[in-house]
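Engineer: Structure incoming, see below.
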Amino acid sequence: MRSNELDVLINWGDTDMAGIVYYPNYFKWFDIAGHQFFRSCQLSPLTLEKERGVILPMIDVRCTFEKPLYYDDVITIETTVSEVNRKTIKLAHEVYRGKERTGFGYELRGWVEKTDTGIQAVPIPDEIRRILEEDVHTTSQEVKPMYNA
């Protein structure tokens, strides 16, 4: 399955009073990594919405925290497609500081069409399924990606 890596710098505002990363930031990073994953395979959420009328709403998310992270740590978020179902895509995320995994989780997103009457989950097209199921690994090459989180 397709995967992507994204580097993030832990900023002061990401930490709590103990100087440890405040847990909701993992969910923020999962969202950022998920969007970057879709961009890495030319399925930018903005482009999907403009060209196909498709949005990718979050249906479920989970995270397990294994080790603390601190201000100025540089982390790598590895995002991999773990499931492509009829109308949903599950992305698995693993967070590393160097070679040490600090947490992991997933996000489940729907393949949803916007219409004049509302939104409705629709089957994922075969060409999109093929892209998501390819055995391709990419690394984000945004300008200063560490500062975008």
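The values are calculated or read from the model by the stated rules, or taken from the named source; none is laboratory data. What you see is a predicted model; the values in this text were computed from it and never measured. Cβ coordinates were reconstructed from backbone atoms using ideal geometry, including for glycine residues, and neighbour counts include every protein chain displayed.
Engineer: When the range 1-23 is examined, which residues are found to be at pLDDT 95 or above and over 23 Å from G98 (Cβ atoms)?
Structural biologist: Passing the criteria: none in range.
Engineer: Hey, I89 hits all of (1) under 12 Å from the mean Cα position of the chain (by Cα); (2) among the aliphatic types (A, V, I, L, M); (3) closer than 26 Å to G13 by Cβ but one; which does it fall short on?
Structural biologist: (3)
Engineer: Follow-up. Go through (1) within 27 Å of V136 (Cα to Cα); (2) surrounded by fewer than 18 Cβ atoms within 10 Å (Cβ to Cβ); (3) out of contact with any strand residue (DSSP E or B) (no Cβ under 6 Å at 6 or more places or on another chain) for M17 and report which single condition fails.
Structural biologist: M17 satisfies every listed condition except (1).
Engineer: A further question follows. Would you mind telling me which numbered condition in (1) in a strand (DSSP E or B); (2) at pLDDT 95 or above I119 fails?
Structural biologist: Just one mismatch for I119, condition (2).
Engineer: When the range 28-56 is examined, which residues are found to be without any contact (Cβ under 8 Å) to a residue 60 or more places away in the chain, surrounded by 15 or more Cβ atoms within 10 Å (Cβ to Cβ) and among the hydrophobic types (A, V, I, L, M, F, W, C)?
Structural biologist: Answer for the range 28-56, where residues must be without any contact (Cβ under 8 Å) to a residue 60 or more places away in the chain, surrounded by 15 or more Cβ atoms within 10 Å (Cβ to Cβ) and among the hydrophobic types (A, V, I, L, M, F, W, C): F37, F38, L48, L56.
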